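Notes follow once the structure below has been shown.
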Amino acid sequence: MKIEATTIPDVLIITPTVFSDERGVFYESYNQQRFIQKTGLDRTFVQDNLARSTKGVLRGLHYQIEQTQGKLVQCISGEVFDVSVDLRKSSETFGQWVGIMLSSSNRRQLWIPEGFAHGYLVTSESAEVTYKTTHYWAPQFERTIAWNDPHLNISWPIDGDLLLSEKDRSAASLAQADVFS
């Protein structure tokens, strides 16, 4: 397992060690002991989620203002541009974002800590994204920030029309959003 810091040091890229031969590939997608050892983060994941989407689907930017969720995200089929936005007002990187390509071929994972919004854009014909969360989904605390907020100025690799949920189309700007202290 290889750990890389991003331009926001709390957001980490995790690349598993992959074993391949004529039969195919094998890798551990998660090992709690190694995760703690390599990242220094002692987190308990309580929920696994899977989303299947087609090209042009943009999901996000989502977070929970209470029962905050850390997320360990991976793309197991296809490719997505995955984005994390720092919503911690006291952070030096407040309002900044990190975006990386996650795909079934690069097998990268992204650790997104509590206090961040998360979203992704499907760039392949279809994609399946799985993610572990450190807290259960709580719809009463769910919030969304506009994916195209000019203050964030996220460089989404848009190629064609986008498909957004109503929640994502009507999301608040960062300036109007509930954020963390």
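Listed values, structure above:
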quantity: Criterion violated by Ala117 - all others in (1) on the phi > 0 side of the Ramachandran plot; (2) crowded, with 21+ Cβ neighbours inside 10 Å; (3) small (Gly, Ala, Ser) satisfied; calculated: (1)
quantity: Only listed residue being in contact with a Leu (Cβ under 9 Å, 6 or more places away or on another chain), among the small types (Gly, Ala, Ser) and either in a loop (DSSP other than H, G, I, E, B) or crowded, with 22+ Cβ neighbours inside 10 Å (or both), chosen from Ser84, Ser105; calculated: Ser84
quantity: Unique match (being within 14 Å of Phe116 (Cβ to Cβ), out of contact with any helix residue (DSSP H, G or I) (no Cβ under 8 Å at 6 or more places or on another chain), in contact (Cβ under 8 Å) with a residue 40 or more places away in the chain and outside any strand (DSSP E or B)) among Thr44, Thr93; calculated: Thr93
quantity: Answer residue from region 21-48, given it is among the β-branched types (Val, Ile, Thr) and exposed (fewer than 13 other Cβ atoms within 10 Å of the Cβ) and is modelled with the lowest pLDDT among those; calculated: Val25
quantity: Filter result for Asn153 (free of Cβ contacts under 8 Å to residues at least 12 places away in the same chain, surrounded by 14 or more Cβ atoms within 10 Å (Cβ to Cβ), out of contact with any Cys (no Cβ under 8 Å at 6 or more places or on another chain) and not in a strand (DSSP E or B)); calculated: no
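The values are calculated or read from the model by the stated rules, or taken from the named source; none is laboratory data. Just so we're clear, the structure is a prediction, and the values are computed from it rather than from any experiment. Ideal geometry is used to build each Cβ from the backbone, glycine not excepted, and the neighbour counts take in all protein chains shown.
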